[in-house]
Amino acid sequence: MLIPARMSEAEEQRWVTFMLDKLAAQENKRVLGDTELSERAARLSELYFDGRARPTSVRWVTNQNTRWGSCTPAEGSIRLSHRLQGMPEYVVDYVLVHELAHLLVPGHGADFWRLLEAYPRTERARGYLEGVVAADRLPHLPAARGE
Ligand SMILES: [Zn+2]
């Protein structure tokens with residue numbers, strides 16, 4: 001990786017993180033199909049929740065622009081916003097893990113976040129998504145609005 005000269009160590013670290021995220025996003029250009037998405041959710045449930053979260057359906061939706069993901073625990077269905085497509089894999093995984101956790105614990109109480117601690121990239125993924133929302137709101141970047 002080519003690092004611009006005269007960067008402080010902290011700047012260099014930020015640069016490396018930024019470039020790695022950018023690379024990850026490029027690798028993720030190939031969009032997962034709904035079947036692959038279901039398989040991925042099953043794998044994540046196995047890894048982080050001993051397979052206790054068992055969604056009946058996991059799919060992309062295009063009508064969800066204010067939330068990254070949602071679920072209907074009674075039906076066991078999980079929906080992910082198509083806006084996540086092209087984001088780094090760990091971010092998509094975080095949203096899946098988040099919705100899987102809702103099949104076990106409704107709401108965002110302490111119990112819920114304790115479950116999410118099992119996923120090691122929770123904080124980083126939340127930071128990434130907050131950054132996307134913040135960038136969306138920048139008045140001088142109208143093109144970032146997406147839809
Ligand atoms: Zn939630």
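Each reported figure results from applying straightforward, stated rules to the coordinates on display, with no laboratory input. None of these values were measured; they are calculated from a predicted model. Quick reminder, even Gly has a Cβ in these numbers, built from the backbone with ideal geometry, and neighbours come from all protein chains shown.
Summary of computed values
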| quantity | calculated |
| --- | --- |
| Helix runs (DSSP H) in the chain reaching 24 Å along axis by Cα, Kyte-Doolittle at least 1.6 | none |
| Gain upon complete extension [Thr72, Glu89; 0.36 nm per residue less C-alpha separation] | 3.8 nm |
| Dipole of the range 77-141 [Lys/Arg +1, Asp/Glu -1 at C-beta], most positive-end residue of Leu138, Pro88, Ala118 | Leu138 |
| Choice from Thr17, Thr62, Thr35 showing the highest fluctuation, given a GNM over the chain with Cα pairs closer than 10 Å | Thr17 |
| Estimated distance in nm for a label pair at Ala5 and Arg121, the labels positioned 7 Å out from Cα along Cα-to-Cβ | 3.4 nm |
| The chain: C-alpha gyration tensor shape, a/c 1.5 cut-off, then a/b vs b/c | prolate |
| Net dipole in debye of the range 15-137 [+1 Lys, Arg Cβ; -1 Asp, Glu Cβ; about Cα centre; nearest 20] | 240 debye |
| Mean separation of Cα contacts under 8 Å, 6 or more apart, over the residue count of the range 15-137: relative contact order % | 24 percent |
| Cβ-Cβ FRET estimate between Asn65 and Ala42, R0 fixed at 25 Å, reported to 0.05 | 0.40 |
